[in-house]
Amino acid sequence: MINDQKVMALCDRVRATSMAIHAYLKHGHLEKIYENALAHRLSKQGINVQQQYPLKVFDEDGTILGDYFADLLVEEELIIEIKACQNLADDHIAQILGYLRASRMRHGLLINYGASKLQLKKLVL
């Protein structure tokens with residue numbers, strides 16, 4: 001488990017990479033295109049990235065309820081949920097917070113490439 005300072009530095013790299021992708025591709029593509037682009041560019045930087053990574057979802061007593069497939073799992077510490085919509089909605093934030101709680105992970109990024117300006121929210125439990 002990496003410390004919070006290292007996670008924040010990792011988030012900065014993801015943010016810069018996301019901005020470069022948005023500047024190049026603009027908005028208008030499917031989420032999968034942005035997911036592939038971010039995974040590709042982060043991997044080129046030597047960052048461990050796994051796409052559609054299955055995370056166990058636990059009940060409060062530790063019972064496994066099923067799997068959630070994270071768009072990206074970065075350095076086994078950061079869940080990234082990618083959207084390609086006009087604006088982020090409260091439902092999107094609730095979705096990633098639910099994934100963080102259920103999977104018992106602490107850090108998440110919600111990235112929306114669908115707006116004319118990149119939208120990125122950092123979430124911490």
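FYI, it's all coordinate maths here, none of it is from the lab. Computed from a predicted model, the values in this text were never measured in an experiment. For neighbour counting, all protein chains shown are included, and Cβ atoms are generated from backbone atoms with ideal geometry for every residue, glycine included.
Per-structure values
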{"read-out": "The chain - Kirkwood radius from inverse mean 1/r over Cα pairs (Å)", "value": "14.7"}
{"read-out": "Full-extension gain in nm, Ser116 to Asn3, via 0.36 nm per residue minus C-alpha separation", "value": "37.3 nm"}
{"read-out": "Excluding exposed DSSP-loop GluC sites (Glu not before Pro) (at most 12 other C-beta within 10 Å), longest clean stretch of the chain", "value": "1-59"}
{"read-out": "Mean ellipticity per residue at 222 nm, deg cm²/dmol - from DSSP H runs of n ≥ 4 across the chain, formula -39500 (n - 2.57)", "value": "-13500 deg cm²/dmol"}
{"read-out": "Order of Ser18, Ser116, Ser103, Ser43 - criterion: other Cβ atoms within 10 Å of each residue's Cβ, fewest first", "value": "Ser116, Ser43, Ser103, Ser18"}
{"read-out": "Listed residue (Val124, Ala39, Thr17) projecting farthest to the positive dipole end of the chain, Cβ model", "value": "Thr17"}
{"read-out": "Residue exposure sequence - Val124, Val14 - by fewest surrounding Cβ within 10 Å", "value": "Val124, Val14"}
{"read-out": "D (Stokes-Einstein, µm²/s), Kirkwood Cα radius, segment 57-117, 1.002 mPa s at 20 °C", "value": "173"}
{"read-out": "Dipole in debye (nearest 20) - the chain, about Cα centre, beta carbon charges: Lys, Arg +1; Asp, Glu -1", "value": "620"}
{"read-out": "Order of Ile47, Ile96 - criterion: other Cβ atoms within 10 Å of each residue's Cβ, fewest first", "value": "Ile47, Ile96"}
{"read-out": "Extension reserve of the Ile93-Ile47 stretch, reckoned as 0.36 nm per residue once the Cα distance is removed", "value": "14.1 nm"}
{"read-out": "Under 12 Å, Cβ to Cβ, from Asp91 - net charge with Lys/Arg +1 and Asp/Glu -1", "value": "-1"}
{"read-out": "Cα-projected label distance for Phe58 with Arg106, points at 7 Å along beta-carbon direction, nm", "value": "1.5"}
{"read-out": "Inter-site label distance for Leu65 and Leu125 at 7 Å from Cα along Cβ, in nm", "value": "1.0"}
